[in-house]
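The values are calculated or read from the model by the stated rules, or taken from the named source; none is laboratory data. Everything numeric in this text was worked out from a predicted model, so none of it was measured. Please note: Cβ atoms are built from the backbone with ideal geometry, for glycine as well, and neighbour counts cover all protein chains shown. Surface accessibility is based on the protein's heavy atoms, side chains included, excluding ligands, DNA and RNA. Shrake-Rupley method; radii C 1.70, N 1.55, O 1.52, S 1.80 Å.
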Amino acid sequence: MGVFCNGFSLFLIACSMVVVASGSFYQDFDLTWGDHRAKIFNGGQLLSLSLDKVSGSGFKSKKEYLFGRIDMQLKLVAGNSAGTVTAYYLSSQGPTHDEIDFEFLGNLTGDPYILHTNVFTQGKGNREQQFYLWFDPTRNFHTYSIIWSQQHIVFLVDNFPIRVFKNAESIGVPFPKSQPMRIYSSLWNADDWATRGGLVKTDWTKAPFTAYYRNFKADACTWSYGTSSCGSRSSSSFSDRAWQTNALDAPSRRRLRWVQKYFMIYNYCADLKRFPQGLPPECRRSRF
């Protein structure tokens, strides 16, 4: 028996459209590791992850998603965060998993965080782009978003697009489109590589290190067993979602160019030494 949903036939799996407003972390997420280091408080409106010398911590969404827009506000580890990584990402499971990554690489007090992004398809990543941010991400909450459609993946910071990964299946580049993904986040020690290639180690006298989360929103297709529809075909249907648009509008393209001109510090598509036999094929296509 097959199930058909928006052009995809999958065995015993179906999707349903859901719009999740700023709900409760109790309702939407499970604390998965770290014991007391992961906490939900303020009536389910705030979540924190902490790292000490014994362990980090993490959480994951109760639901799986296939296409949509995911928003989360984060306030990152303040002060000397060198050696720490706060990861916030979508991922499926298994050796051929798909993954869409935000990773925030800590630094010494006064030095900027590095925002590391990556896209894995069928278990293969190596598509890193890195950025400085144009604000201090430890002083206030800021919104980090992923738009995932059949046409592209867009990474956004405070609604400024910083990266677009386009569907390039027409030239043989795999694109994540058939594996439902959960939302994950973790705070962990990576001082063997995270800060200056591992030269700067975690200062455990500053522990515990804590990051905070609020205002999770998902306008997305959720996946579960036993149902057979992907929402109505009304004016709020799958095909009419704002995140389903094929391209960025003109103001968004200007913002993307501004971010990539002034704040991008690494782009795998410009790393000729890394790819001496030629850049990956998607790098030869338009950014937009």
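Result for the chain in a Gaussian network model with C-alpha springs under 10 Å: among I147, I183, I171, the largest mean-square fluctuation is at I171. What is the log10 of I(q)/I(0) for region 146-228, computed with the Debye formula using one identical point scatterer on each Cα and no solvent, at q = 0.11, 0.15, 0.26 Å⁻¹? Log10 of I(q)/I(0), two decimals: -0.56, -0.91, -1.27. Under a Gaussian network description of the chain, with springs only between Cα atoms under 10 Å, the residue in Q244, Q45, Q277 that fluctuates furthest is Q277. When Rg and the Kirkwood Rh are both derived from Cα coordinates, the Rg/Rh ratio for region 73-124 amounts to 1.09. Solvent-accessible surface of the chain, averaged per residue with a 1.4 angstrom probe and all protein chains in place: 46 square angstrom. Considering only alpha-carbon pairs that sit under 8 angstrom and 6 or more positions apart, the relative contact order computed for the chain is 29 percent.
Placing +1 on each Lys and Arg Cβ and -1 on each Asp and Glu Cβ, with no other charges, gives region 67-119 a dipole about its Cα centre of roughly 160 debye. If you average the sequence gap of Cα pairs under 8 Å that are 6 or more apart and divide by the length of region 68-135, what percent do you get for the contact order? That works out to 25 percent. Summed over all non-identical Cα pairs, the Kirkwood treatment of the chain gives a radius of 19.8 Å.
Within the same chain, aspartates and glutamates fewer than 8 places from K273 are excluded, and of the rest, those with a Cα less than 20 Å from its Cα are E128, E282.
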